[in-house]
Amino acid sequence: MKKLLIIATALLVMTSCDDKPVAPTELPQEVQTFIKQNFPAQTIAFAQKDSEWLFFTQYEVTLNDGTQVKFDTDNVWDKIEARTAAVPVALVPQPITTYVNTNFPNVALVKIDKESYGYEVELANGLEMKFNEGGALMEMDD
């Protein structure tokens, strides 16, 4: 029994995280389409496939302007971090966009991260906010 536990642990460690660069053409079609539709002026500078455990594969894409987009195991965006421009408005839930535009006009939303409770966003001025799934502000931190 002890040997079986050691072998199982070793297998989990060996397969727990396998990060590999991939060519943009090797990305799932959903990921390629998402990038083309939402970042049409950008090209993919680097892409990485993150294989976690035996069953979960995620992708991380870095665009030529430095924007990073992480995709979950269903190839749906999970986190967007812009470097030189705002996160595309079409990707931000409307209540969050309305709150930010009303309370912080002319300040770009540069990061959005899906969380279990809703969304965490960061503005260009360094302000971080947490919103619930419905888009209501829960917390603000500078």
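Any read-out appearing in this document is the output of simple, stated calculations on the displayed coordinates, not a laboratory observation. All figures in this text were calculated on a predicted structure; none of them were measured in a lab. Using ideal geometry, Cβ is built from the backbone for each residue, glycine included, and neighbour counts are taken over all protein chains shown.
Quick notes
- Pairs of Lys residues in the chain that lie 8 or more places apart, or on two chains, and have C-alpha atoms under 20 angstrom apart add up to 19.
- The chain - mean residue ellipticity at 222 nm from DSSP helices (-39,500 (n - 2.57) per run, n ≥ 4, rounded to 500): -7500 deg cm²/dmol
- Matching label, Cα extents along the principal axes in Å computed from the structure shown, candidates [x] 61, 34, 22; [y] 40, 39, 28; [z] 61, 28, 26: [x]
- Charge dipole of the chain about the Cα centre (unit charges at C-beta), most positive-ward option of 127, 117, 76: 76
- Rounded to the nearest 20, the size of the Cβ-charge dipole of the range 86-142 about its Cα centre is 240 debye, with Lys and Arg at +1 and Asp and Glu at -1.
- Computed magnitude of the charge dipole of the chain (debye, nearest 20; Cβ of K, R +1, Cβ of D, E -1): 380
- In the chain, a dipole from Cβ-located charges (positive for Lys and Arg, negative for Asp and Glu) runs towards its positive end, and of 91, 29, 136 it is 29 whose Cα lies farthest in that direction.
- Separation between Cα centres of the range 80-94 and the range 35-79, rounded to whole Å: 14
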